[in-house]
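Before any comments, here is the structure.
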Amino acid sequence: MHLYDLTIHEARALLDAGEISAVELTQAVIDRILAVDNDVRAYLTLTPEVALEQARAADAMVGAGLAPVPSAPAQGQPQGWPLRGIPIAVKDIICTAGIPTTCGSRILEDFVPPYDATVVARLKAAGAVILGKTNTDEFAMGSSTENSAFFPTHNPWDLERVPGGSSGGSAAAVAAGECLGALGTDTGGSVRQPAALCGIVGLKPTYGRVSRYGLIAFASSLDQVGVLTRDVTDAAILLGVIAGHDPLDSTSLDVPVPDYTAALTGDIRGMRVGVPREYFIPGMQPEVEAAVRAALEKLADLGAEIVEVSLPHTDYALPVYYLIAPAEASANLARYDGVRYGLRIVGESLEDTYKQTRGRGFGPEVKRRIMLGTYALSAGYYDAYYLKAQKVRTLIKGDFDRAFEQVDVIVAPTSPTTAFRIGEKTEDPLQMYLSDIFTLSVNLAGICGINVPCGFDAQGLPIGLQMMGPALGEMTILRVAYAYEQATDWHTRRPPI
Amino acid sequence: MVLTREEVEHIADLARLALTEEEKERFRQQLSAVLEYAARLQELDTEAIPPTATVLPLRNVMRPDEPRPPAPREDILANAPEAEEACFKVPAIWE
């Protein structure tokens, strides 16, 4: 076992016992990055000096015999230093003071935030070591990380394939041992889908559970920060650090944060697991369906009751999402005008400067979505597209409300296929959008979801199982995910790289 | 096709995006395909359904209006494409 292969909780135990130091652990992960990241390309920015300095500080706390409580512990944050000395990566759409934050875009290529996002401040307050910033589809718009303006990230299980997206850099880094855990963001599946394609755990919390202060906005009614880890225990630990109310984010929920690790009992006897018939569709890869069906049998063996449920408006989630998210994006991205920050291309007039700056600063997918959103919001089309989509969103949310009256958790595939080849879907946006078909509804309904590995296809590519819970149902999905994980060994597999 | 070339140019103008001729044609095809796919929403009768803008209960969030130290001006201006004497510098809008 290499140090870089440890889970967060395994490393926590070794660090607390004094068997390894934070500097040793951090150096091992940095060496691993140097060894494999030329092939994986998970990172956009590496900050090894910052990381080693944070690691030395983490070790010094122990040497001094004290583990001081953070000066201003955030409400609900675990006491002490749950991440002391743990190397973590952060998706490059989350602001880090003094460290470039590009959103995978040319338009923010030189942007250096003057402040930390609340989630980054919380990582630091918990003692984490920050390794750098991970690759993303431009402004988190994509399902493969191929829309990064800089380079695509490669799947550690097969370097010819995508890691999923948009948090593909974070997912690949966790899978390849280039960090012990990572932050991502999930607007339509961007934590769960890459976690599925990279064979790791990815949790998208309830809308409002985690502060978005310092998260660069894509679609404000859908965006949420999530965690990517090697097992469910680590997801519970990391979520506990970042969850909670933040006065700087008026959409964050002022609800106490439970001890998520208390959900890790392994006991799911009597729990009701819903299987939505609409999530088993003709076009999906047969091996994915087989693996998910086998996982359901495993849950039944563990004492859960399997119940068929219906989410009748599932088919409409994709068009609803691809009207609402672009509409919100077209408004959020209006701020990139070349005045206060970011790229400026000087044109013949101020208006031409805006147009040239945005025309050259944004990549094709971002321009497509801004145009789609602008169209859906424009006079004459607002009712037919945007308002219609918002109404159908109500129906989709209602489907989940009714289903959760019958069951505790809903289990389905995370993605209809395993990782596809780099370049396979870049020419056809609609085909790319279809890879999010099983994850979008959770964001539209504002609920929570987690991916756990549930098998491999014939080519050795990971398959992901999705568990969806009601609003603030993180304890429930963690409980079921942990019980399943402990009864299987998929999470112990590591990619061949 | 749902969209004409003129419509694509109009949308790009509203969104302040300079597009190449090649982009206009490609976006016309790709956006038309997405809009055709989205047309399936019209199958549903939503006459009596209220829209969902956010899953949170809509409410104003208030806080005490207390002064706090602002971010240092030089940190903010450090990201500006062009700055002069503590100001963002922009192209002239009047000749």
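The values are calculated or read from the model by the stated rules, or taken from the named source; none is laboratory data. Keep in mind that this is a model prediction, so the values were computed, not measured. Reconstructed Cβ throughout: ideal geometry from the backbone, glycine too, with neighbour counts over all protein chains shown.
Could you check the range A:432-472 and list, in sequence order, the residues that are of a type outside the set (A, V, I, L, M, F, W, C) and farther than 18 Å from A:N155 by Cβ?
A:Y433, A:S441, A:N443, A:G446, A:G449, A:Q466, A:G469, A:P470
For A:I410, only one of the following conditions fails: (1) in a helix (DSSP H, G or I); (2) β-branched (V, I, T); (3) in contact (Cβ under 8 Å) with a residue 24 or more places away in the chain. What is its number?
For A:I410, the failing item is (1).
Collect the residues in the range A:349-388 that are β-branched (V, I, T), facing chain B (nearest Cβ under 7 Å) and in contact with a Leu (Cβ under 9 Å, 6 or more places away or on another chain), keeping them in residue-number order.
A:I370, A:T374
Take A:K425 and decide whether it is in the same structural domain as A:Y336 (by TED's automatic domain parsing) and over 17 Å from the mean Cα position of the chain (by Cα).
no
Given the criterion in contact with a Leu (Cβ under 9 Å, 6 or more places away or on another chain) and more than 18 Å from A:M467 (Cα to Cα), identify the matching residue among A:V257, A:V292, A:V275.
After ruling out the rest, the residue left standing is A:V257.
Looking only at residues in the range B:1-32 that are surrounded by fewer than 14 Cβ atoms within 10 Å (Cβ to Cβ) and not in a helix (DSSP H, G or I), which one is nearest to the other protein chains (Cβ to nearest Cβ)?
B:T20
Tell me whether the range A:245-256 contains one or more residues that are among the β-branched types (V, I, T) and either over 18 Å from the mean Cα position of the chain (by Cα) or outside any helix (DSSP H, G or I) (or both).
Scanning the range A:245-256, I find at least one residue that is among the β-branched types (V, I, T) and either over 18 Å from the mean Cα position of the chain (by Cα) or outside any helix (DSSP H, G or I) (or both), so the answer is yes.
Do any helices (runs of 4 or more DSSP H) entirely within the range A:315-399 hold 3 or more residues that are hydroxyl-bearing (S, T, Y), and if so, which?
Answer list for the range A:315-399: A:317-332, A:350-361.
Being away from chain B (no Cβ under 14 Å), in contact with a Ser or Thr (Cβ under 9 Å, 6 or more places away or on another chain), buried (at least 24 other Cβ atoms within 10 Å of the Cβ) and closer than 30 Å to A:P326 by Cα is true for just one of A:V210, A:V225. Which residue is that?
None of the other options fit; the residue is A:V225.
Can you name the residue in the range A:150-188 that is under 9 Å from the mean Cα position of the chain (by Cα) and assigned to a loop (DSSP other than H, G, I, E, B) and is also surrounded by the fewest Cβ atoms within 10 Å (Cβ to Cβ) among such residues?
A:T187
Which is within 15 Å of the chain's Cα centre (by Cα) and of a type in the set (A, V, I, L, M), of A:A219, A:A262?
One residue alone meets the criteria, A:A219.
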